[in-house]
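J.: One structure is given below, represented as C-alpha cells, and several questions about it will come after.
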C-alpha cells in the first residue's frame, strides 16, 4: 500500500513544538506517511499580508488530510501594526486562517471529544453524600457547526448604506438601534442554513448510534434566538424520529454551563452552532483535564484537518526546555487515524496515553498544578519531549 501524504501545518508558538511530537508517536505506532510542510500563521501575515497563502490551500486540495498545530490571532488594530511597513495601507485585512480554512474547504463538521482519563489529577470532582468525593466519568462528544453562525465573517463597522437601509426595515432594529448614527454601528450577523444545520445534526445522531451513545442534546438558545436556534431545534426533532433508540433533548447554552458541572456523566453527544459549540466544548474540556487534553477534527467532504483546541501560547514557545503537554495534539492525530480507517493504531495510542496518565509517574506542569514557568521541569514536571517519550514507551 502506498504511503499516505499528510500536510503538516505547525503554525505559531507551541504549535511548532507539539506537532513534531505527535509525528513521533505516529511513527512509533507504525503509521507510515510522507509529511509535507505547509505555511500558515502570523509570520506570513506580517511578511506577506496573508496568514493562509494560496500555496497552502493548494497542498490541502491535493492531499486532503492535515495535522494543524496552532495559530496566533490578534485584534484588527494590533494586526495592522505588525504588518510589514511596505504592506501598510495597501488594503490588507487580517482574517483568522483556521476560520478561513473551514470556510474555504467547507469543513462544516467539527468534532470535539471530551473524555475522562482515569488518574488525571485535573479531572472534575464533586461532593457526594456525606463527606464523599465523586469523580464522574465524562464521555461527551461535541458536534459543532463549523462554518456558519457568528463566525461566518459577515460583519461591518459603519455598514454600507444598503445594509443599513435593509436593517431599518426591521421593527426591532428601528426601535432599539434606529437612534444610532450609522458610523457608530458595529454589526455581526448570525446566519444558519438548513443544509449545513441538517448536516451537523445528522452527523451527531449517526455518531451516537454508531458508538452507542444513548443521549443527544442540542445546546443552543431557541427561547431567545428564535430563528437560527429554532431552526436547528426543529431539524433535530425531526431527525430524532429516525433514531428512536436515542433520547433527544435540548438545553439553553447558559443553563448548560451550569448543568455540565452538576451531572456531566449524563450527557453523550451534544450538537451546537458555531459560537455555542465553541463555548460548551471548552466547558466540558475543563472537566477532563483542560486544553492540554482537548483534541478536535474539522471535517468536510474532501478535506479534513485535525488540531488541538489550545492556542499558540506564545509565552511558552521560547522556553529553552518546552513544558507544554503534547497530549491534545497526539489525541488529534488519533482522530486523524480514525478518519482514515487506522482505528487499531488510534486505539493503541489512546491506550498508551491512558496508561501514562493512570500511572502518574510522568506529568506535565499543568497536571501537577504548577505555574507554567521555565523552572517547572527543574521542579519535577515532565517536559514536552519526556511526556512523548513516556507515551511511546507505553506503546
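The values are calculated or read from the model by the stated rules, or taken from the named source; none is laboratory data. This structure is a prediction, so every number in the text was calculated from the model and none was measured. Cβ placement follows ideal geometry from the backbone for every residue including glycine, while neighbour counts extend to all protein chains displayed.
J.: Among the residues of the range 276-283, is there at least one that is in the same structural domain as residue 364 (by TED's automatic domain parsing), at pLDDT 95 or above and under 24 Å from residue 117 (Cα atoms)?
T.: The answer is no; no qualifying residue exists.
J.: Among the candidates 76, 47, 62, which residue alone is closer than 30 Å to residue 184 by Cβ, surrounded by fewer than 19 Cβ atoms within 10 Å (Cβ to Cβ) and either out of contact with any strand residue (DSSP E or B) (no Cβ under 6 Å at 6 or more places or on another chain) or in the same structural domain as residue 275 (by TED's automatic domain parsing) (or both)?
T.: After applying the criteria, what remains is 76.
J.: Considering only strands (runs of 3 or more DSSP E) fully contained in the range 193-304, which possess at least 1 residues that are within 18 Å of the chain's Cα centre (by Cα)?
T.: Once the strands (runs of 3 or more DSSP E) in the range 193-304 are filtered for at least 1 residues that are within 18 Å of the chain's Cα centre (by Cα), what remains is 215-220, 269-272, 295-299.
J.: Look through the range 52-106, keep the residues that are at pLDDT 95 or above and assigned to a loop (DSSP other than H, G, I, E, B), and return whichever of them is farthest from the chain's Cα centre (by Cα).
T.: Here the residue is 53.
J.: Still on this structure, I have one more. Every residue in the range 109-123 that is more than 17 Å from residue 220 (Cα to Cα) and either touching a strand residue (DSSP E or B) at 6+ places or on another chain (Cβ under 7 Å) or assigned to a strand (DSSP E or B) (or both), please.
T.: 113, 114, 115, 116, 123, listed by residue number.
J.: Residues in the range 21-28: is at least one part of a strand (DSSP E or B) and closer than 27 Å to residue 345 by Cα?
T.: No - not one qualifying residue is present in the range 21-28.
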